[in-house]
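Below is one structure, written out as structure tokens, with a few remarks after it.
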Amino acid sequence: MDLIDDGTNGNTPEFSVSELSGAVTRVIEGEFGFVRVRGEVGRVSRPRSGHVYLDLKDDRSVISGVMWKGVASRLQTQPEEGMEVVATGRLTTFPGQSKYQIVLEDIRPAGAGALMAMLEKRKAALAAEGLFDAGRKKPLPYLPDIIGVVTSPSGAVIRDILHRLRDRFPRKVLIWPVAVQGAACAPEVARAIEGFNRFQRGGPLPRPDLLIVARGGGSVEDLWGFNEEVVARAAAASDIPLISAVGHETDTTLIDFVSDRRAPTPTAAAELAVPVRMELAAQIRDFGARMTRAMGLRIEHRGQRLRDLARALPRPEELVEGPRQRLDVMGDRLPAALTRAVDRQRLRLTETVGSLRPAILRRAVSVERGRLDERAARLGPALERAIKVRRDTLDARAARLTPRAILREIGTGRERLDRLSQRMDAAQEARLQDTRQRLEALARLAETLSYRATLDRGYAVVWSESGVVTSRAAAEEASGLEVEFADGRLKLGGGAPQRRKAKQEPPEQGSLF
């Protein structure tokens with residue numbers, strides 16, 4: 001039935017709003033079930049639901065579009081305002097607002113030109129924030145102990161990096177596996193950089209001294225994950241020096257501008273990370289040889305200087321000639337000088353003896369005796385005062401000498417000894433307990449690894465006179481066999497086989513049945 005009936009009676013059929021809206025929807029969806037449209041992205045809205053609402057426009061018209069959460073999460077390139085795109089989807093209506101819209105199933109940039117324009121826009125925004133400034137880039141460590149690598153674990157890139165590190169200077173390498181293309185590339189690379197930076201010194205996983213973000217070559221679309229803003233900001237915020245090695249030498253991504261150093265290839269990144277060990281060894285040997293030569297030259301120069309100074313010194317004979325001559329002169333003058341000295345002393349003695357008289361001596365003795373008596377009278381009281389002072393001093397010091405301080409120190413020492421004894425007992429008990437637990441664990445491990453545990457599960461060991469039988473041919477050649485079960489042995493055939501030695505190894509797996 002037509003929506004508008006041209007009946008002559010003028011009785012136009014009545015439709016409800018929902019019926020009319022449904023009819024319009026069926027017409028639009030029937031005519032435009034699948035379309036591809038090219039245009040510029042206008043307004044973009046991303047609510048908490050995860051859906052994306054946007055406008056596609058040209059110079060004259062605008063079409064509203066919606067992209068459901070599942071489709072938006074699979075996109076390699078997220079739509080941004082001003083981007084020229086080719087969108088694929090189906091037309092439908094939105095009855096709540098009486099408008100039509102396109103439900104997008106896929107959206108891609110309209111060629112490399114659009115991608116480059118979006119890339120230049122991001123680059124300008126990040127450069128304006130100062131993320132590309134050379135002053136914020138950190139120097140690379142000369143010889144890192146641990147290197148963190150963010151790349152795909154299955155590609156040739158990681159093998160090239162490990163091979164190059166092994167050739168130049170082997171280092172410890174931590175690999176954080178990520179997707180290097182597709183929609184998951186950007187968030188996984190950003191999480192890997194942030195994760196390495198969260199490692200703590202001395203933690204269960206060591207913190208890398210250097211990071212390498214690497215990927216092989218590819219198209220612009222393949223490398224686009226490294227042009228995402230989240231990756232660039234994670235690299236800029238990294239406290240660990242970072243080398244970007246994405247693509248080949250001619251490929252450039254945003255992470256190259258914010259990283260501390262860009263390598264043209266992953267192999268070149270490994271070369272930037274570590275020096276060549278053989279070259280370092282050669283330099284050390286060269287420095288040692290240069291030091292030896294320098295020390296030799298210095299010793300030779302000092303020796304020559306010493307010899308020059310020695311030639312400037314006078315001969316030993318010349319040093320003693322003058323004193324020897326003066327000694328000879330003095331020796332010649334000494335007898336006459338001694339004779340004159342004896343004569344002078346004899347003269348003085350004679351003059352002194354002439355002035356000595358008994359009365360003078362008695363008078364001098366009397367004077368000295370008086371002085372001695374006077375001092376003897378003063379000596380007694382002085383000695384008593386000195387003795388009293390010494391006695392008072394001794395009494396004062398004796399009063400201060402009490403055993404309390406010694407007893408207090410003895411008590412303190414005894415308490416310390418008791419505490420140390422308790423700690424020693426606790427430590428000894430803990431050590432014994434630990435040793436006992438380790439011994440029990442080793443005993444359980446030995447019981448677990450013993451072949452007798454296998455016998456308990458229904459297997460058996462076949463013995464002959466030459467040992468364990470592991471093949472049918474060996475069993476046919478044996479004169480007698482003995483089968484060992486978990487609960488004992490059973491003899492078969494002729495002579496009994498020899499018993500195993502106490503230290504014999506358990507049978508191989510092939511001898512159990």
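Considered as a group, the residues in segment 410-463 that are closer than 30 Å to L481 by Cβ and of a type in the set (V, I, T) include one that is modelled with the lowest pLDDT, and that residue is T448. Comparison of A294, A336 shows that the only residue that is in a helix (DSSP H, G or I), modelled with pLDDT of 85 or more and surrounded by 10 or more Cβ atoms within 10 Å (Cβ to Cβ) is A294. List every residue pair whose Cβ atoms sit under 8 Å apart, with the two residues 6 or more apart in sequence or on different chains, where the first one lies in segment 156-173 and is within 11 Å of T267 (Cβ to Cβ) and the second, anywhere, is open to solvent by 80 Å² or more (accessible area, probe 1.4 Å) and not polar (S, T, N, Q). From segment 156-173, the pairs are R168/R277. Which of the residues belonging to segment 166-194 are assigned to a loop (DSSP other than H, G, I, E, B) and of a type in the set (A, V, I, L, M, F, W, C)? Of everything in segment 166-194, those that are assigned to a loop (DSSP other than H, G, I, E, B) and of a type in the set (A, V, I, L, M, F, W, C) turn out to be F169, V178, A179, V180, A183, A184. Out of E80, E14, which single residue is on the phi < 0 side of the Ramachandran plot, open to solvent by 80 Å² or more (accessible area, probe 1.4 Å), in a loop (DSSP other than H, G, I, E, B) and modelled with pLDDT of 75 or more? Exactly one residue qualifies, and that residue is E14.
Can you say whether G50 is in contact (Cβ under 8 Å) with a residue 40 or more places away in the chain, open to solvent by 20 Å² or more (accessible area, probe 1.4 Å) and part of a loop (DSSP other than H, G, I, E, B), as far as the supplied structure shows? So G50 does not fit the description; no. For A446, the stated conditions hold: it is free of Cβ contacts under 8 Å to residues at least 40 places away in the same chain and loosely packed, with under 10 Cβ neighbours inside 10 Å. Looking across segment 207-219, the residues that are in a loop (DSSP other than H, G, I, E, B) and modelled with pLDDT of 90 or more come down to R207, P208, D209. Filtered by the rule that a residue be open to solvent by 60 Å² or more (accessible area, probe 1.4 Å) and modelled with pLDDT under 85, segment 473-485 gives E476, E477, S479.
The values are calculated or read from the model by the stated rules, or taken from the named source; none is laboratory data. These figures come from a predicted structure and were not determined experimentally. Here the Cβ is made from the backbone with ideal geometry for all residues, glycine too, and neighbour counts use every protein chain on show. Quick note on the areas: whole protein, heavy atoms, side chains included, nothing else; ligands and nucleic acids left out. Shrake-Rupley method; radii C 1.70, N 1.55, O 1.52, S 1.80 Å.
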